[in-house]
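Student: One structure follows; several queries about it will come next.
Laboratory data are not the source of any read-out in this text; all were calculated from the coordinates shown. What you see is a predicted model; the values in this text were computed from it and never measured. Using ideal geometry, Cβ is built from the backbone for each residue, glycine included, and neighbour counts are taken over all protein chains shown.
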Number of protein chains: 2
Amino acid sequence: MAVKPTVSISVIRRLPRYYRFLGDLAKAGINRISSRELSERMGLTASQIRQDLNCFGGFGQQGYGYNVSSLREEIARILGLDNQLNTILIGVGNLGRAIVSHLDFGQRGFNLTAVFDNNPELCGTTIAGMTIMDPSMLEEYCSAHPTQVAILTIPRTAAEALSERLIQCGIRCFWNFSHYDFNLDYENVVVENVHLTDSLMTLGYRVNEYLRTQQTKTEE
Amino acid sequence: MAVKPTVSISVIRRLPRYYRFLGDLAKAGINRISSRELSERMGLTASQIRQDLNCFGGFGQQGYGYNVSSLREEIARILGLDNQLNTILIGVGNLGRAIVSHLDFGQRGFNLTAVFDNNPELCGTTIAGMTIMDPSMLEEYCSAHPTQVAILTIPRTAAEALSERLIQCGIRCFWNFSHYDFNLDYENVVVENVHLTDSLMTLGYRVNEYLRTQQTKTEE
């Protein structure tokens, strides 16, 4: 089944959610689901779901709905979860530690091979079976172990300072928790930014809106 | 300036980004920016930016552009960054610890007042000046300290098990890092989910696409 070349990023961003929801359904022993039921669970419209899945050639049958496990496998294939992208992480503070310890990279298409931190007290200690290395080892490590992805759980200034070296190491794909903006300085890079403070501020807006509505209701 | 009642969530989600970019500009000593320049920096179209800001009554002047600091202040006001929403955090593992230690809640409109964890070795120890409490204290704490928001840095099953108690405590707004889906069980709740694995899987898709493109280029 040919994947259309230009799938919009908003569709791509929904695929992991589909994958997650379908996994929940499979765990609950549900084998088949209509686009209406799936849409109610996911808070999307049924037509949105049909459109999304049509981008990849369409699944499901009129009147039958979707087969949960085969749709899930298909999405896994599209997302490339079977691939093993060689990945390093830089910054073993609390956030880096949480990520290394709690995310199952293997099941998500990534092969986390090495971790780095410039804290001399951490270097040489191990986490998840890996010995933490000093970032001065980056070039040596990457030339021996071709690496596609770097996870940056370091402050913005540190990310900016390391960026050129990472690019020189042949790494052009980043899961970026720092607030450093790669796109200002580099072209032809793939960057997935995670801005926790943006999410927090969005929550704040929504909470304030909610509280205003509640107050209006009370006053009525 | 009246805020139109129905601003779409995608506009809201961009506001923190505007706020961040304008902060960078202010730090760099830039006082004034055209929507074109702002759009180039942010990777949005100029017309998108004008549309976004028009949702809140419009700023900027034809031919002058935007005044960086007054636009930033206005966005801060819209986001409610001056508010102090009383907030608790549950789950002081690596992720909870990262969040408590590194995010400046006060500057984002939140007042983090208490942290909870059911690990007996953590209870009674302190983090960021707060003594970690056992979740059995939740009801007592919240009745003495009215709380609007809970941050959940706990596993899915723990979040599900606690959800009813939190709602009973009067908390209806959540920054949810667990994979528990509040919307399946509760109505009239405000939930900002952070699904790190969704972001990771999106990155995987994009990296695989990128590598395919590179390979095609090499073969050409």
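Student: Across the protein assembly as shown, how large is the tail of the calculated P(r) beyond 31 Å, expressed as a percent of all Cα pairs?
Tutor: Of all Cα-Cα pairs in the protein assembly as shown, 48 percent lie more than 31 Å apart.
Student: In addition: Return the single residue from B:Gln107, B:Gln148, B:Gln51 with maximal mean-square fluctuation; model: Gaussian network over chain B, springs between Cα atoms under 10 Å.
Tutor: B:Gln51
Student: Now, a different point. B:Arg32 label points, 7 Å along Cα→Cβ, one per copy: pairwise distances from this copy to the rest in nm, shortest first?
Tutor: 6.7
Student: Run the quick spin-label model on A:Tyr210 and B:Ser10: label points 7 Å from Cα toward the beta carbon, then report their separation in nm to one decimal.
Tutor: Each label point lies 7 Å from its Cα, and together they span 2.4 nm.
Student: Taking θ as phi - 60°, what are the ³J(HN,Hα) couplings along segment B:28-34 by the Karplus curve (6.51, -1.76, 1.60), each to the nearest whole Hz, with x for Gly and Pro?
Tutor: Per-residue couplings from phi come out as 7, x, 8, 9, 8, 8, 7 Hz.
Student: Also, I was wondering about something else. Please compute the length gained on full extension between A:Ile30 and A:Glu219, using 0.36 nm multiplied by the number of residues separating them and subtracting their Cα-Cα distance.
Tutor: Gain on extension, A:Ile30 to A:Glu219, equals 63.5 nm.
Student: Normalised radius of gyration for segment A:9-79, please: alpha carbon Rg relative to 2.2 N^0.38 Å, two decimal places.
Tutor: For segment A:9-79, the normalised Cα radius of gyration comes out at 0.97.
Student: Given points 7 Å out from each Cα along the Cα-Cβ axis, report the A:Ala144 to B:Ala144 separation in nanometres with one decimal.
Tutor: Result for the modelled spin labels: 5.6 nm.
Student: Next up: If you take the charge dipole of chain B about its Cα centre, with +1 on Lys and Arg Cβ and -1 on Asp and Glu Cβ, which of B:Thr87, B:Asn183, B:His102 is farthest toward its positive end?
Tutor: The listed residue farthest towards the positive side: B:His102.
Student: For segment B:171-214, what mean projected area does the convex hull of the alpha carbons give, in nm²?
Tutor: 3.7 nm²
Student: Stick to Cα atoms and the Kirkwood definition of Rh, then tell me Rg/Rh for segment A:87-194.
Tutor: Result: Rg/Rh = 0.92.
Student: Just add up the charged neighbours of A:Val190: K/R +1, D/E -1, any other residue whose Cβ is under 10 Å from the Cβ of A:Val190.
Tutor: 0
Student: One-quarter of the Cα convex hull surface for chain A, in nm²?
Tutor: For chain A, the mean projected area of the Cα convex hull comes to 17.0 nm².
Student: If the rule is a partner Cβ under 4.7 Å, which cysteines in chain B fail it?
Tutor: B:Cys55, B:Cys123, B:Cys173
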